[in-house]
1. Determine which single condition residue B:282 fails, assuming it passes every other condition in (1) in contact with a helix residue (DSSP H, G or I) (Cβ under 7 Å, 6 or more places away or on another chain); (2) surrounded by 23 or more Cβ atoms within 10 Å (Cβ to Cβ).
2. Going residue by residue through the stretch A:369-387, is there one that turns out to be more than 16 Å from the ligand (Cβ to nearest atom), in the same structural domain as residue A:245 (by TED's automatic domain parsing) and not in a strand (DSSP E or B)?
3. List, please: which pairs have Cβ atoms under 6 Å, are six or more places apart or on different chains, and start with a residue in the stretch A:427-456 that is away from chain B (no Cβ under 14 Å) and open to solvent by less than 30 Å² (accessible area, probe 1.4 Å) and end with one that is within 16 Å of the ligand (Cβ to nearest atom) and of a type in the set (Asp, Glu)?
4. What helices (runs of 4 or more DSSP H) completely inside the stretch B:166-277 contain at least 2 residues that are more than 14 Å from every other protein chain (Cβ to nearest Cβ) and either touching a residue at least 60 places away in the same chain (Cβ under 8 Å) or surrounded by fewer than 17 Cβ atoms within 10 Å (Cβ to Cβ) (or both)?
5. Pick from the stretch A:251-269 the residues that are open to solvent by less than 30 Å² (accessible area, probe 1.4 Å) and not hydrophobic (A, V, I, L, M, F, W, C): which of them is farthest from the other protein chains (Cβ to nearest Cβ)?
6. Here's a check for you: in the stretch B:377-394, which residue that is open to solvent by less than 10 Å² (accessible area, probe 1.4 Å) and farther than 24 Å from residue A:373 by Cβ is nearest to the other protein chains (Cβ to nearest Cβ)?
7. Has the stretch B:363-374 got at least one residue that is of a type in the set (Asp, Glu) and at pLDDT below 95?
8. Please pick out the residue among B:233, B:330, B:238, B:317 that is of a type in the set (Gly, Ala, Ser) and over 19 Å from residue A:32 (Cβ atoms).
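The values are calculated or read from the model by the stated rules, or taken from the named source; none is laboratory data. This structure is a prediction, so every number in the text was calculated from the model and none was measured. Every residue, glycine among them, receives a Cβ derived from its backbone with ideal geometry; neighbour counts consider all protein chains shown. Accessible surface is based on the protein model in full, side chains and every heavy atom, while ligands, DNA and RNA are left aside. Shrake-Rupley method; radii C 1.70, N 1.55, O 1.52, S 1.80 Å.
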Amino acid sequence: MQDRLTEALKAQDVEYADIRVEDTTNTWVNFRGPDLDTIGSARTVGGIVRALYKGGWGYATFNDLDDLPKRVREACETAKLVGRDTTYFAPAEPVVDVIPARLVKDFRQVPLAEKKATMEAYNRIVLGYHKSIQASSVRYADYFKTVHYANSEGTYIEEEIPDVNMIVAAIARDGDVVQTAFETGGGADGFQSVENFHEKAESAARKAVELLAAPPVAGGKYSVITNQVMTGVFTHEAFGHLSESDFVYENPRMQELMQLGKRFGGDGLNILDDGSRPGGLGTHRYDYEGTTTRKNYLIKDGILVGRLHSRETAAKMGEQITGNSRAVFFQHPPIVRMTNTYIDQGTAKFEDMVKGIELGVYAVNSIGGQTAMEMFTFSAAYGFMIRNGQIAELVRDVVLTGNVFDTLMNIDMIGNDLGWEPHGPGGCGKGGQHPLRVGLGGPHIRIQNCVVGGQQ
Amino acid sequence: MIVEKIIERAMRKAQAAQAIMLTQETSEVNFENDRLKSAESSQRTQIDLKVIVNGKVGVSSTTDPNDVEGVVSRALEAAEFGSEAHFDLPDAQSLEPVKIFDPALLPLEKPEMIRMGQQMMDMIKSYNPEILAGAGVNKTVYKVAYANSKGANYTADHTEFNVGAGGALVRGTDILYAGHGIGQKKRAVDTEEIAAQAIEYFRLAETIVPIESGEMPVIFTPSGLIALLLSLGLAIDGKNVHLGASPLRDKLGQQIADPRLTLVDDPFVEFGPRTSAFDDEGTPRKVTPLIEKGVLRNFIYDLDTAGRAGVKPTGHGSSRRLTNLVINAGDTPYEQMLRDIPNGLLVHEYLGLGQGNPINGDFSVNVFLGYKIENGKLMGRVKDVMLAGNAFDALKNIAAMSKEREWVSGPFAWFSGLMPYVQVGKLSVTAK
Ligand SMILES: [Zn+2]
């Protein structure tokens, strides 16, 4: 493939061009309720050529690999229709590298029958847990993707990306009240990462049943403690997306808003994005422009010190490249994305955080979030009220919302217990590209005056 | 034809098989941050196969038309461990004629698409140069070929045209996004009107006004109706009904909404964004009344779910996706609807939709684009406001529906359909 891509790139006549070809095989097994819903497998081959000319991008995407030089020419011609100004594109050292997968139990060798039997066992645990369990959803998926990347500067990278993931969800009903709870699992190191999940399957069922009896949280302003997963989601959703410099680089007012050196939080606040962290969901050696990934501080001691870049945005803003140009599938050009984003741990003990709260909410895990620049909203899987310095009753429908700038300033305690969201399906969505694998993490944090939505 | 070849190969071992092949060419131009940013050509091939062997289902897919052997053998393997087939593949049937192909789109090339985008950009910039404008024009031509072992054999040539414009306006720490777009299967499109609508959203949002928490009447714009339709869509999904997860599961024939409301799924709208004659399971499409005068009339079923539930498939595809939704026009002029509200909210877009338990009908969303109504007038945009309630309660509690209707479609839309403005009695609004 290296020779084919290198040869095809000879057809380019622009300032920069690259090709990415992906070959993916995947399988899935889904149970819904007592029955097997679907089982199957697929193979997807395709690629994208990018051409850059006078600041304009031309793209050609394709499933048919037969005539790669033609795709290169197509992208170049398109770029010439678009390009009218000056090209900004930061240099990156050419590299040739091959990154093989490392699997303990190779899921490609595991027969579909075994994948099915493993999931069926978890499904039975959920359905048999309690009479109020109405339905279940157990979804297993794996993929083995080989990405070939070459650019007109001589870089060639071949990376094997294996992934196994699973979600076990329980749906409980009592009258018109329906509650869902889930656990996720999986990993990049093989099929064993979804084995021995029986206890977790049961705990999903238990949580769904418990939530039936839990009251919805009353809407209002509270002192809120978020657990590690929720901190990770908050960091990613509320702040991380603002650090993606494609939002900023052509927008002088956003540059003002996200000016380096500006104070965003207290002295103890450190936010990082690290694509090189071993074992992270968003970890890769290179991004999709051949840039080496690295540990990037976004906020250091409460001060904004950096942001995430592609080679284009880095050049436009005169800042260092960071290795954050990523894409979900070959149909998409890479855009500026997070990798593993987290608030670094502080010194506070969880008990001490709770102790100081008269009336508050402890928000646990996440079932989704969304942002529009400074506004964010995200839902906890469940929560607990905090009353008189103690964790009190379970509550549901905990939705946190607010303005990120205020909320970061309102963090008054940062825990000493950095943790990461467990492996699972799903990921981040941006610009129609979903789901991109990202790592989310952080310690427990405490936020004052946080708006919790709900009916009053 | 490739689909027929695949069926023939699969039938050497299977008792039933269906194959569907998509071949697609797309051209697209994108303006971002005040300038032409990129253009793209894309070519796509996708083949999906479903087989039934010994009463069990297996599926597989490939992007490679030369991989007939591979796709067949993977589907046969999956069928060994597959779910039980609760259905027969449909027989060959005659299809409703539909308007889905506009030859006028074929000669449309990127330079003209760039010109269209530029025109919308210029309009937005001349309204307010501070807006960071964006626009997109996307033309797609595709062919769908379907065949099954019962002799059904359909092909359809589609064209699709998506045009949108919008932008971001940053003032201090406030960032306002607004935009408008359309999606349809024909070329005739008024770019001026699209830009004008986007500008209108900016104009209304220029002033930010405070709002007090409380219960108040809320008008949902045609796009804003997604807050209610999302839950309804999940609850009428035959799979959720069959599994007992839908709160509407035993409500067929019962009054579930205000008697003025009729909601129909119409796959035959001329050049409609989701118009087509057959679905991806070879089921001919038909008009499906969902709610008639407030009474729940139908759930939607794919082949498998229909088989399990003992009913007929409704032609919404294997993923049970609604086509063009149409709500009847009401009898209140929009202006009068506004005029009659002393204190309320008009909602257009949300953040956080679909979180929580949407199938229950409960929603609690951040109002991303919403306007305060005071003494019958839109006063300006509200910020940091949560809207909460229950979609099914709201449908019963409709106060008025507008005479005017608008198409919701295109790149910014969550669903496609023709909708009026709908006013709901009272909902909980929480301001920060
Ligand atoms: Zn995200």
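1. Here residue B:282 clears every test but (1).
2. First, pick out the residues of the stretch A:369-387 that are more than 16 Å from the ligand (Cβ to nearest atom): A:380-387.
After this cut, where a residue has to be in the same structural domain as residue A:245 (by TED's automatic domain parsing) as well, the list is A:380-387.
When the remaining residues are screened for being not in a strand (DSSP E or B), the result is none.
So far as the stretch A:369-387 goes, no, none of its residues is more than 16 Å from the ligand (Cβ to nearest atom), in the same structural domain as residue A:245 (by TED's automatic domain parsing) and not in a strand (DSSP E or B).
3. As it stands, the answer is A:440/A:421, since those pairs meet every condition given.
4. Of the helices (runs of 4 or more DSSP H) lying wholly inside the stretch B:166-277, those with at least 2 residues that are more than 14 Å from every other protein chain (Cβ to nearest Cβ) and either touching a residue at least 60 places away in the same chain (Cβ under 8 Å) or surrounded by fewer than 17 Cβ atoms within 10 Å (Cβ to Cβ) (or both) span B:191-205, B:226-235.
5. Keep residues of the stretch A:251-269 that are open to solvent by less than 30 Å² (accessible area, probe 1.4 Å), which gives A:251, A:254, A:257-258, A:264-265, A:269.
Pick out the ones that are also not hydrophobic (A, V, I, L, M, F, W, C) and you get A:251, A:265.
Working: A:251: 6, A:265: 15 Å.
Among those residues, the one meeting the criterion is A:265.
6. B:389
7. No, every residue in the stretch B:363-374 fails to be of a type in the set (Asp, Glu) and at pLDDT below 95.
8. Values: B:233 fails: over 19 Å from residue A:32 (Cβ atoms); B:238 fails: over 19 Å from residue A:32 (Cβ atoms); B:317 fails: over 19 Å from residue A:32 (Cβ atoms).
Criteria check complete, one pass: B:330.
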